[in-house]
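The values are calculated or read from the model by the stated rules, or taken from the named source; none is laboratory data. All values reported here derive from a predicted model rather than from experimental measurement. So basically every Cβ, Gly included, is an ideal-geometry build from the backbone, and we count neighbours across all protein chains shown. Ligands, DNA and RNA are excluded from the accessible area calculation, which covers all protein heavy atoms including side chains. Shrake-Rupley method; radii C 1.70, N 1.55, O 1.52, S 1.80 Å.
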Amino acid sequence: MEAFSFSSFSTNTNTNTQKPSPPPCVQVSFHEPSSVGFGFGLSNSTSDLDASDPIFITDSLTLYKGRVSTYDVFGLGNSDLLPGQYEGGLKLWEGSLDLVKILYSLITQPSPSPSPSLSLKGMRVLEIGCGHALPAILAALQGASLVHFQDFNAEVLRCLTIPNVKRNLSKELPELGFFAGDWSEVHKLLLCADNENQNEDAGYDLILMAETVYDISSLNSLYDLIKKCLKKCGGAVYMAGKKYYFGVGGGTRQFIRLVQEDGMMETCMISEVTDGASNVREVWKLSYK
Ligand SMILES: C[S@@+](CC[C@H](N)C(=O)[O-])C[C@H]1O[C@@H](n2cnc3c(N)ncnc32)[C@H](O)[C@@H]1O
């Protein structure tokens, strides 16, 4: 199985300090064939099943992830990200698995104690910075009615996210949408919470994100996107990430400080993961006050 542990970001040595302009915002079709990678029948791959790995989340939950190389898709060597061009979506990061495990334990915990179990049935869900999108795939498996996937790169959605969705979701599919683009612009394609009409029901019920808070320069646009898209009444964000990202400087605490200073949302840490293999990771829940 492909290793997905890491201690810090490795960036391409050609990285310029100035980020290039982001790629345009586009919607990617679920049926658009991908020319690269494991396509589960979409690509030219002859051994689709060999190109996916089972991830044993618990005894009762196994998800599958594809294997796509940054070289095949972007012509990049062994690089976790190239700022402004490729933002790490082809790799499975630990926070993504932390988030899946926490969500699954909240869903399956005995109700009513210690707190009512989480139900995703009928929810409208967005995963921001999805990459492999295992948290959003779990939401679809658990009965969400609409699931939207966002990544910086359309190539990641085509070559990895969509094949992962096809691999894991064989039965009834919820309404699906795949959107590429920078956080500062991509709200134009997503469901927006309607400020003008004060419609408290507009937007997503649930926003999921893992390992999205590493880059200090993107934290404001990420938080603005959340405020534009999260349902005002009863909406919740579950965020997984590292407390601090060595080499790039962001982290969950930086992001939570930004949210707390803004004063509009409650923040609650729901899990801390210290496995000794990586720096401390956390899962947080945010919701409007
Ligand atoms: C480190 S990867 C994490 C991928 C996945 N969530 C996981 O944990 O395996 C960061 C993700 O955030 C997205 N991302 C980072 N910066 C972004 C930006 N400025 N605008 C849009 N997406 C961005 C990338 O597309 C990428 O998928």
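Placing dummy labels 7 Å off each Cα toward the beta-carbon, the span from Val26 to Ser119 is 4.0 nm. Pull out a ≥ b ≥ c, the square roots of the eigenvalues of the alpha-carbon gyration tensor of the stretch 153-289, then state rounded if a/c is under 1.5, prolate if not and a/b is larger than b/c, and oblate in the remaining case. Because a/c hits 1.5 or more and a/b fails to exceed b/c, the stretch 153-289 counts as oblate. One decimal place: the segment Glu185-Thr62 gains 40.8 nm when fully extended, by the rule 0.36 nm per residue minus the C-alpha distance. With all protein chains in place and ligands, DNA and RNA left out, the 1.4 Å accessible area ranks Ile107, Ile137 as Ile107, Ile137, largest first.
On full extension, the segment bounded by Ser69 and Lys171 gains 33.9 nm, given 0.36 nm per residue less the C-alpha separation. Between the amide H of Ala210 and those of Ala240, distances stay under 5 Å, these residues lying 5 or more places away or on another chain, with hydrogens modeled in the peptide plane. Computed over protein heavy atoms with a 1.4 Å probe, the accessible surface of the chain works out to 44 Å² per residue.
Extending 7 Å from Cα along the Cβ direction at Asn220 and again at Ser145 yields two label points whose distance is 3.7 nm. Screening the chain for whole DSSP H helices of 18 Å or more along their axis (Cα) with average Kyte-Doolittle hydropathy at least 0.0 returns 94-108. Distance between the pseudo-spin-label points of Glu200 and Gln109 (7 Å out from Cα toward the beta carbon): 2.5 nm. Surface composition of the chain: carbon plus sulfur atoms hold 48% of the accessible area, using a 1.4 angstrom probe and ignoring ligands, DNA and RNA. Between rounded, prolate and oblate, where does the stretch 132-224 land on the alpha carbon gyration tensor, with a ≥ b ≥ c its root eigenvalues, rounded for a/c under 1.5, else prolate if a/b exceeds b/c? Note, shape of the stretch 132-224 comes out oblate. Starting from the Cα gyration tensor of the stretch 181-235, take the square roots of the eigenvalues, sort them a ≥ b ≥ c, and report rounded, prolate or oblate (rounded when a/c is under 1.5, otherwise prolate if a/b is larger than b/c, else oblate). Cα axes put the stretch 181-235 in the prolate bin.
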